[in-house]
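All remarks here apply to the structure that follows.
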Amino acid sequence: MPFATALQFVPGGPRVTGYWETEPPATKKWIEWFGLYGVPGTTTVITMVEQLPDGGERPIKRWPPQPDARGSAHRIA
């Protein structure tokens, strides 16, 4: 499956993951989970990745945004 969206209530904890062959349904689920659980100040992490043929992943979206090396937030959109 090329696209995955994941929800974790605690970083590094168990996650609920959905897999799709195309990007639109994965994006729809990411937006749905963001609307339900994307509350500032919580520990929730919501991610969407493209799964690569070599087994790796390419990040597409993440909430909350991941801080970059300089400490500022970097949003994957």
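Scanning the stretch 52-77 for residues that are farther than 20 Å from residue 1 by Cα, part of a loop (DSSP other than H, G, I, E, B) and modelled with pLDDT of 90 or more yields a single hit, 64. If you go through the stretch 10-50 and pick out every residue that is among the hydrophobic types (A, V, I, L, M, F, W, C), at pLDDT 95 or above and in contact with a Ser or Thr (Cβ under 6 Å, 6 or more places away or on another chain), you end up with 3. Any residue in the stretch 27-47 that is touching a residue at least 24 places away in the same chain (Cβ under 8 Å), open to solvent by 80 Å² or more (accessible area, probe 1.4 Å), under 16 Å from residue 1 (Cα atoms) and touching a strand residue (DSSP E or B) at 6+ places or on another chain (Cβ under 7 Å)? No, the stretch 27-47 has no match at all.
The values are calculated or read from the model by the stated rules, or taken from the named source; none is laboratory data. Keep in mind that what you see is a predicted model, and the values were worked out from it rather than measured. Note: ideal-geometry Cβ built from the backbone for every residue, glycine included; neighbour counts use all protein chains shown. Note: areas computed on protein heavy atoms with side chains; ligands, DNA, RNA excluded. Shrake-Rupley method; radii C 1.70, N 1.55, O 1.52, S 1.80 Å.
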